[in-house]
Structures are given as structure tokens and as C-alpha cells.
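Working notes, structure below.
Derivation of every value follows stated rules applied to the coordinates shown; laboratory data play no part. Please read these numbers as outputs of a predicted model, since none were measured by experiment. Every residue, glycine among them, receives a Cβ derived from its backbone with ideal geometry; neighbour counts consider all protein chains shown.
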Amino acid sequence: MPMNLPTILTGAAVTAAVGTAAYMMTGKKKNTAKQMKKKAGKAVQAVGDIVESISSMMG
């Protein structure tokens, strides 16, 4: 049963938000804004790669 792309994107966004919130609650206090920005950028890149892979499999 193939999922449509908006459903996949919504799921990825929710997962990223929950993961970020959990990380911020349990992470060390020494995290700076620069480190968080870098990690968020890597997460966005990973989600983009996943979406690209899925769309290439569907198309």
C-alpha cells in the first residue's frame, strides 16, 4: 500500500519535532545555538535525502 508524499512529509516533520524536543530536554546544558543549528541542518539534510530516495523509487 503506497503512501502519498504529503503523509510521508508530515510523519517526518512530526518525528523531527519530537526528536528535537526530546534531545533538548535530555541533552547537556553546554549546547550552544551554533551546535543546535548545525545538528538541525544535518537532520534537515537527512530528511531531504530520505524524501528524495522515496520519490525516486516512486517515479
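For the reader, a short list of remarks on this structure follows.
- 14 Å beta-carbon shell around THR20, net charge (K/R +1, D/E -1): +4
- Computed from backbone phi with θ = phi - 60° and the Karplus coefficients 6.51, -1.76 and 1.60, the 3J(HN,Hα) list for the range 9-14 is 5, 4, x, 5, 5, 5 Hz; x is used for glycine and proline.
- Derived scalar couplings ³J(HN,Hα) [the range 45-50; Karplus, 6.51 cos²θ - 1.76 cosθ + 1.60; whole Hz; x for Gly, Pro]: 4, 5, 5, x, 5, 5
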